[in-house]
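What follows is a single structure, written as structure tokens, with notes after it.
The values are calculated or read from the model by the stated rules, or taken from the named source; none is laboratory data. This is a predicted model, so every value here is computed, not measured. Cβ: placed from backbone, ideal geometry, glycine included. Neighbour counts: every protein chain shown. In case anyone asks, the SASA skips ligands and DNA or RNA and just uses the protein heavy atoms, side chains included. Shrake-Rupley method; radii C 1.70, N 1.55, O 1.52, S 1.80 Å.
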Amino acid sequence: MSATAHGPVPPGFQAVAMIASLGGLHAVSEVLRGLPADFPAPVVVVQHGRREADGDRLGRLLARVTPLPVRTARTGDPLGASGVVVVPTGHCAVLGPDRTITLAEGPALRSGDQFLTSLAATLGQAVIGVVLTGMLDDGARGVREVKRGGGRVLVQDPTTARAPGMPASAMATGCVDFVLPLNRIAAALVALTMAPGGADLLRVPIAPWARLHA
């Protein structure tokens, strides 16, 4: 059940989730590089990849490109108020009603759908989902849930993606608010979260069909 079913969601966005696969390290790094140190919402990174013995490797690489604090997600960790949270490659994660993260079982190639769905169920309209480069269609089901909950969806322009499958599949859902070149996604996130009234100015009505239960 979405947070909106329990009453109004507090103003402002409470989480950004970035989903990526092939070419994702470059794409995620580009976006994080453009976010300021006072970016107000936590950014969760879900990057497909083989499970590694060193689960902190991706977090260390991303920490080199951003002024935001970076940590690797562990079961039981709170989402937090800001900073970058990296789901270890080869793992799935969900956000529970108490806003804590659980590393979950599931197909790693559906990890984006799984996390976006749980995020939308918990935070409703306070979510921004970002689908970046990647093969196949992970994220498509998740962005439907984000849109159904009243959140925003940004997608990397497939022509700027190393692998266009994931962005194109997200676009095909009809649930995407903005399709942007990679180098403009950080600016859009800043505008949505930090510009007074920015979220309302950029609000896109929810299509009637998106309100339906799956």
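What are the residues in the stretch 9-43 that are open to solvent by 10 Å² or more (accessible area, probe 1.4 Å) and either at positive phi or not in a loop (DSSP other than H, G, I, E, B) (or both), if any? Passing the criteria: GLY12, GLY23, LEU25, HIS26, SER29, GLU30, ARG33.
MET135 meets all of the listed conditions (1) in a loop (DSSP other than H, G, I, E, B); (2) aliphatic (A, V, I, L, M); (3) touching a Phe, Trp or Tyr at 6+ places or on another chain (Cβ under 9 Å) but one, namely (3). Among all positions in the stretch 58-70, there is no residue which is part of a strand (DSSP E or B), at negative phi and open to solvent by less than 10 Å² (accessible area, probe 1.4 Å). Screening GLN125 against (1) under 25 Å from PRO36 (Cβ atoms); (2) open to solvent by 20 Å² or more (accessible area, probe 1.4 Å); (3) not basic (Lys, Arg); (4) not in a helix (DSSP H, G or I) leaves a single unmet condition, (4).
Is one or more of the residues making up the stretch 95-107 in contact with an Asp or Glu (Cβ under 7 Å, 6 or more places away or on another chain) and within 17 Å of GLY23 (Cα to Cα)?
Filtering the stretch 95-107 down to residues in contact with an Asp or Glu (Cβ under 7 Å, 6 or more places away or on another chain) leaves 100-101.
Applying the additional criterion that residues be within 17 Å of GLY23 (Cα to Cα) yields none.
No, because not a single residue in the stretch 95-107 is in contact with an Asp or Glu (Cβ under 7 Å, 6 or more places away or on another chain) and within 17 Å of GLY23 (Cα to Cα).
Inside the stretch 28-57, residues that are more than 13 Å from the chain's Cα centre (by Cα) and either modelled with pLDDT of 95 or more or within 21 Å of LEU192 (Cβ to Cβ) (or both) make up a count of 10. Restricting attention to the stretch 148-191, the residues being open to solvent by less than 10 Å² (accessible area, probe 1.4 Å), farther than 14 Å from GLY34 by Cα and in a helix (DSSP H, G or I) number 3.
Evaluate the stretch 79-97: report whether one residue or more is open to solvent by 50 Å² or more (accessible area, probe 1.4 Å), of a type in the set (Ser, Thr, Tyr) and at pLDDT 95 or above. Within the stretch 79-97, not a single residue is open to solvent by 50 Å² or more (accessible area, probe 1.4 Å), of a type in the set (Ser, Thr, Tyr) and at pLDDT 95 or above. A search for C-beta distances below 7 Å between a residue of the stretch 88-103 that is of a type in the set (A, V, I, L, M, F, W, C) and any residue that is in a loop (DSSP other than H, G, I, E, B) and at pLDDT below 95, counting only pairs 6+ apart in sequence or on different chains, returns CYS92/GLU105; CYS92/GLY106; LEU103/HIS91. In the stretch 119-136, is there at least one residue being under 15 Å from MET18 (Cα atoms) and without any contact (Cβ under 8 Å) to a residue 40 or more places away in the chain? No, because not a single residue in the stretch 119-136 is under 15 Å from MET18 (Cα atoms) and without any contact (Cβ under 8 Å) to a residue 40 or more places away in the chain.
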